[in-house]
Amino acid sequence: MKRLAGAKVDQATRWIYRGVWSVLVRWFKVPDRPPELPTAPGESLESFQPSAGFLRYLKLKFWVVLLLFDGAILVAWLAVAVASPVAGAISALPALAIAVIPDIVAYIAIHLRYDTTWYVMTGRSLRIRRGIWVIHETTITFENVQNVEVNQGPLQRWFGIADVRVDTAGGGGVQAGAHGTASMTGHRGLIEGVSDAPRIRDMILSRLRHSRTAGLGDEDPRRLSVWSPRHVAVLREIRDLARQLAAR
């Protein structure tokens, strides 16, 4: 019976989600396709979304928060029911609504976040798009990339996913986004929740190497992860000090 009830709730949630998604696409013009990038003749284009493991990862965090939230509501209702059975009977339905409605909203929001996140790569650039009400779209040219690294926490390792962080020239810090996750700044791109993070990192480094060997700078992109703008500024100070000492 419990399994049948759970299946019906899941089916109802899926039905609600399809309706919400249809409204967002039709009336609020939320894109339902990956963003586009200009490509040269013969140039390949790859579009992908986070791994299915990323969706399971988000759902696990959702269920943990859900248990804490619903547990607090249950404890509060039991305290009211013990103190006054009449008040407990009257507040039963409102308490149930308070517990269930936010759960449905949060569940739908997780799927919307997943379905509206897109990554597009060509031989020259990367475009990242995410967001529902406010759509954030960032384009990173590989010529300007300074550092590419893979980050993976213990929970992400369990789900077989990782994040790829791409820093460009003059990169800024990571800002805290919704739900406490890292978000993009003007000089940083975050490819989150992918199952083949090393492959994506190596692909970006390969295309960066191609840009560098075309006469745009250093031929070894891995050395770019060592020399940050701060390092360059220190070297310039040393150079200027050496010139002053030589002039004396």
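The values are calculated or read from the model by the stated rules, or taken from the named source; none is laboratory data. Everything numeric in this text was worked out from a predicted model, so none of it was measured. Cβ placement follows ideal geometry from the backbone for every residue including glycine, while neighbour counts extend to all protein chains displayed. Calculation scope for accessible area: heavy atoms of the full protein, side chains included, ligands and nucleic acids excluded. Shrake-Rupley method; radii C 1.70, N 1.55, O 1.52, S 1.80 Å.
Quick notes on this one:
- Within the shell of other residues whose beta carbon sits under 14 angstrom from the beta carbon of Phe54, the net charge comes to +2, with Lys and Arg scored +1 and Asp and Glu -1.
- Peptides ranked, highest mean first, by Cβ atoms within 10 Å: ranges 101-110, 21-30, 235-244, 155-164: 155-164, 101-110, 21-30, 235-244
- Computed with every protein chain present, the accessible area of Tyr114 is close to 40 Å² [probe 1.4 Å].
- Anisotropy class of region 27-169 from Cα gyration tensor, a/c 1.5 cut: prolate
- Cα gyration tensor category, rounded, prolate or oblate, for region 17-80 with a/c compared to 1.5: oblate
- Taking Lys and Arg as +1 and Asp and Glu as -1, the other residues whose beta-carbon sits under 11 Å from that of Ile128 total +2.
- Area of Thr141 that stays accessible when all protein chains are in place (1.4 Å probe, Å², to 10): 50
- Probe 1.4 Å - accessible area at His187, Å² to nearest ten: 80
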